[in-house]
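The values are calculated or read from the model by the stated rules, or taken from the named source; none is laboratory data. In this text the structure is predicted, and so the values were computed from the model without any measurement. Counting neighbours? That spans all protein chains shown, and the Cβs are built from the backbone with ideal geometry, glycine included.
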Amino acid sequence: MYAMKKQHQLDHLSKFLLYIIGRHPDEFGLVPDNSEGYLKIKDVLKVCHEEEGYRHIRESHFKELLLSHSNPGFQIKDNLIKPQDTSNLPLLVKSDEPPKILFTTVSNTSYPHVLEKGILPTSHSQVILSQEKEFAKRMGQRKTSDFIVLEVHTAKAIELGIEFFQFGQNLFIASSIPINAFTGPPLSKEKPETSSQSKHATAKPDHAFMPGSFILDPNQFDKTGKKIIKDKRVKDKTSWKHNRKRLRKEKENIVK
């Protein structure tokens, strides 16, 4: 019974996996990185983890499919995966008239560099764009939770010599995007406070003093600015000397 249930789960995973990598990777924001149709296993796993019922999937499940099926329909090479039959994959077609606005994301930390150099490929050999903003966000979240959505103006990019290629219904690809062909939010002028600055700001309050120094008390001086010196001898006289004489007299009276 358990073996049948296990095999049923593997069959479902096999069909879902082949749909992702062999038929419509574009529906999940995936683009094969070369002409052989390979995708990174880690990218395919991220897609699985977004889908209900497949969030537990690991690379070991893919390898289990290879062992349990005589014809699994895919192959693995190092950290890459591809379908055995690539004929059902969408074609990469040059787009002379792409949508006026396309969307892509960059990390918040790389944004200042992007504003200076333009949008360049990172983990993929090409810049991947979507005609849907929310879909671009979905792809961006796979890389980092701290990202910025950029609007790419395709007419301006084409004017600057950029070619766009369409992959499937929703994805577009370009080698890069020049700095004058996209817009994004203004760059924040506020610099985050470094840990050393915060420590310096809190380490020494206004009333702190270094070893060997002292704090001036305004009550120690008179109106002319001279320091008031208290006569400790008077205090001493009224304390232990006075009490000693009194005790001596009391002893003499007791003896008498």
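Listed values, structure above:
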{"item": "Residue check, Gln126 under 17 Å from the mean Cα position of the chain (by Cα) and either surrounded by fewer than 17 Cβ atoms within 10 Å (Cβ to Cβ) or farther than 19 Å from Val47 by Cβ (or both)", "result": "no"}
{"item": "Among the candidates Ser35, Ser60, Ser14, residue that is small (Gly, Ala, Ser) and in a loop (DSSP other than H, G, I, E, B)", "result": "Ser35"}
{"item": "Criterion (touching a helix residue (DSSP H, G or I) at 6+ places or on another chain (Cβ under 7 Å) and at pLDDT below 95) met by exactly one of Leu65, Leu45", "result": "Leu65"}
{"item": "Unique match (being modelled with pLDDT under 95 and touching a helix residue (DSSP H, G or I) at 6+ places or on another chain (Cβ under 8 Å)) among Asn34, Asn71, Asn79", "result": "Asn79"}
{"item": "Residue list for segment 58-87, restricted to those being over 36 Å from the mean Cα position of the chain (by Cα) and surrounded by fewer than 15 Cβ atoms within 10 Å (Cβ to Cβ)", "result": "Leu67, Ser68, His69, Ser70, Asn71, Asp85, Ser87"}
{"item": "Wholly enclosed strands (runs of 3 or more DSSP E) of segment 91-158 bearing at least 3 residues hydrophobic (A, V, I, L, M, F, W, C) and either in contact with an Asp or Glu (Cβ under 7 Å, 6 or more places away or on another chain) or at pLDDT 95 or above (or both)", "result": "101-107, 127-130, 147-153"}
